[in-house]
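J.: Here you go, one structure.
The values are calculated or read from the model by the stated rules, or taken from the named source; none is laboratory data. Please read these numbers as outputs of a predicted model, since none were measured by experiment. As a convention, Cβ positions derive from the backbone with ideal geometry for all residues, glycine included, and neighbour counts pool all protein chains shown.
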Amino acid sequence: MRRLGRAVAVGVRRSLPMAMAMAIGALMLIDFFFDERHINALGGFFLESAVIVVAFALLLGLLNVLVVHLRRIIKREGGWFYSIALLAMALMVMVAGIPGPDNSAVVWIFDYIQFPLQAATFSLLAFFVATAAYRGLRLRSLEAVAFVLTAVVVLIGQVPVGRVLGDVVPALKDWILNVPSTAGVRGIIIGVALGTIATGVRVLMGFDRPYGGEGGGTQ
Amino acid sequence: MGFLAEILGNLGIGQQHALMFALLLPFFPLLLLLNRRIRERGNPPLRPIPAYEDLEAYLGEATESGRTVHVSMGTGGIGTGVTAESLAGLTVLEHIAGHSAATGLKTVATVSDPSLLPVAQDVMREACAAQGYPEAYDPECVRFVSSDKVAYAAGVMDILGHDKVSCNVMIGNFSDEFLLMSEVGARNAVNQVGGTTSPQILPFVYASTDHALIGEEIFAAGAYLLGKTAHVASLAAQDWLRTAIILTILIGILVRSLA
């Protein structure tokens, strides 16, 4: 009897999340396609609930950051002093934010520390694009040769020198951007749309259980 | 046609929604049918995708050298507009976690969206439990870095630059920050596999990684790495619908040209 009870409990633990995901997924789909007052209200309720769940997930994320960096400090792993700086800053922002997100201390931290640091990190992108372009433009295969030739034509066609050379290069540049490039991008977009739909349909039909719980993962 | 449009209008479905509905609806019977057919007749041959083939070699190399594998599932999360991309990243993580649990390979997964954190932790935990070593699960192997994209990139750059990383897998939704991370990997001679769906970011992926998964190829991970019947069936369903779309476009061109 106890074995039967345990089997039922395991079955419920495995099937319940899947059944709930399928039911709520189907409801959200109906909410998206059909304009029905009650279903729209229910869909809105589930969307709001998702926002609340994500807010709790953010707390989990904060806990994860604390655990990872505290462990690094305790074990004196490489760069442990940076972990102290990170935890100190996290604590400082949290304390400063107690009166509210509009508190002048929080605004100051974001304006004079967070945003300049973000801008500095992002400015590295210009140099990284140059090194990536160098790596990408190496003639390692027939594909790379086509890549280099196209890049050269588009680059020359974009700059004023291209006009000096005649109308052929700018016209070729326009053709590359309007015909093969646009066709390729559209092909990628159609493929991605089909892949996205397939992923959703697999979850809706219960083939995939990627949301955890016992026996989670894909079937 | 007008009659159909009136019915759809009464149901509250606009023209654009009707098109989406028409694209979605055939997936259900097609997936069921193809899933059953593949179960009976076995998997059809899949065209080789070098990124998935070489991933096995990279994992083997990392295991032998005792170095780490880093997995990023992008900056998207679950419940957002890019959930499918994040799930594709999770599928790859599932495969790497299985390999990691079986061989003792150290895997570090980083997330930017907190909604992915418990799911990724669950994938790693399940992989250890499936091998019979639930105690081998280390909660620190999945790290939430930051919900800010630049801060996330900075955190991953630190991992790729200072931890002993042998293989870097970045599959999911990314924007420009992809290059910040992959370039650090490339400079440190890390074996890299990257994949995303955004056409604007794909040149960065192509230029800075050893193998690029272009667009929908990231959704094929389940079929190629895990060999799941449902995933192979969904690949076949995608091919059928792609053919239908191509035929529709061609017929449209002909009708327009002849009219």
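J.: In this structure, is B:Thr80 hydroxyl-bearing (Ser, Thr, Tyr), within 13 Å of chain A (Cβ to nearest Cβ) and assigned to a helix (DSSP H, G or I)?
T.: Answer is no for this residue.
J.: Just to check your reading of the model, which residue among A:Ile189, A:Ile197, A:Ile109, A:Ile176 is over 30 Å from B:His211 (Cβ atoms) and of a type outside the set (S, T, N, Q)?
T.: None of the other options fit; the residue is A:Ile109.
J.: Out of all the residues in the range B:130-143, which are in a helix (DSSP H, G or I) and at pLDDT below 90?
T.: B:Ala130, B:Pro134, B:Glu135, B:Ala136, B:Pro139, B:Glu140
J.: If you go through the range B:11-29 one residue at a time, do you hit one that is assigned to a helix (DSSP H, G or I), more than 12 Å from chain A (Cβ to nearest Cβ) and either closer than 30 Å to A:Val68 by Cα or touching a Cys at 6+ places or on another chain (Cβ under 8 Å) (or both)?
T.: No: the range B:11-29 contains no residue that is assigned to a helix (DSSP H, G or I), more than 12 Å from chain A (Cβ to nearest Cβ) and either closer than 30 Å to A:Val68 by Cα or touching a Cys at 6+ places or on another chain (Cβ under 8 Å) (or both).
J.: Name the residues in the range B:170-195 that are closer than 14 Å to B:Arg67 by Cα and of a type in the set (A, V, I, L, M), would you?
T.: Passing the criteria: B:Ala189, B:Val190.
J.: So which residues in the range B:203-246 are within 14 Å of the chain's Cα centre (by Cα), facing chain A (nearest Cβ under 8 Å) and within 21 Å of B:Glu177 (Cα to Cα), if there are any at all?
T.: Within the range B:203-246, B:Ile214, B:Gly215, B:Glu216, B:Ile218 meet the criteria.
J.: Scan the range B:96-105 and tell me whether some residue there is assigned to a loop (DSSP other than H, G, I, E, B) and in contact (Cβ under 8 Å) with a residue 12 or more places away in the chain.
T.: yes
J.: Please work out which one of (1) out of contact with any strand residue (DSSP E or B) (no Cβ under 8 Å at 6 or more places or on another chain); (2) touching a residue at least 40 places away in the same chain (Cβ under 8 Å); (3) over 30 Å from A:Leu177 (Cβ atoms); (4) buried (at least 16 other Cβ atoms within 10 Å of the Cβ) is the condition B:Leu226 fails and give its number.
T.: Unmet condition: (1).
J.: Taking B:Leu179 as meeting all but one of (1) outside any helix (DSSP H, G or I); (2) at the interface with chain A (Cβ under 8 Å from one of its Cβ atoms), write down the number of the exception.
T.: Single failed check for B:Leu179: (1).
J.: Taking helices (runs of 4 or more DSSP H) that fall entirely within the range A:80-186, which contain at least 2 residues that are touching a residue at least 12 places away in the same chain (Cβ under 8 Å) and farther than 21 Å from B:Asp176 by Cα?
T.: It comes to A:80-96, A:104-109, A:142-158, A:168-176.
J.: Considering only the range B:50-78, state which residues are touching a helix residue (DSSP H, G or I) at 6+ places or on another chain (Cβ under 9 Å), closer than 24 Å to B:Gly227 by Cβ and surrounded by fewer than 19 Cβ atoms within 10 Å (Cβ to Cβ).
T.: Selection gives B:Glu53, B:Glu56, B:Gly60.
J.: Considering each of B:Gly81, B:Gly104 in turn, give the residue that is surrounded by fewer than 22 Cβ atoms within 10 Å (Cβ to Cβ) and more than 24 Å from B:Ile201 (Cα to Cα).
T.: From the options B:Gly81, B:Gly104, the qualifying one is B:Gly104.
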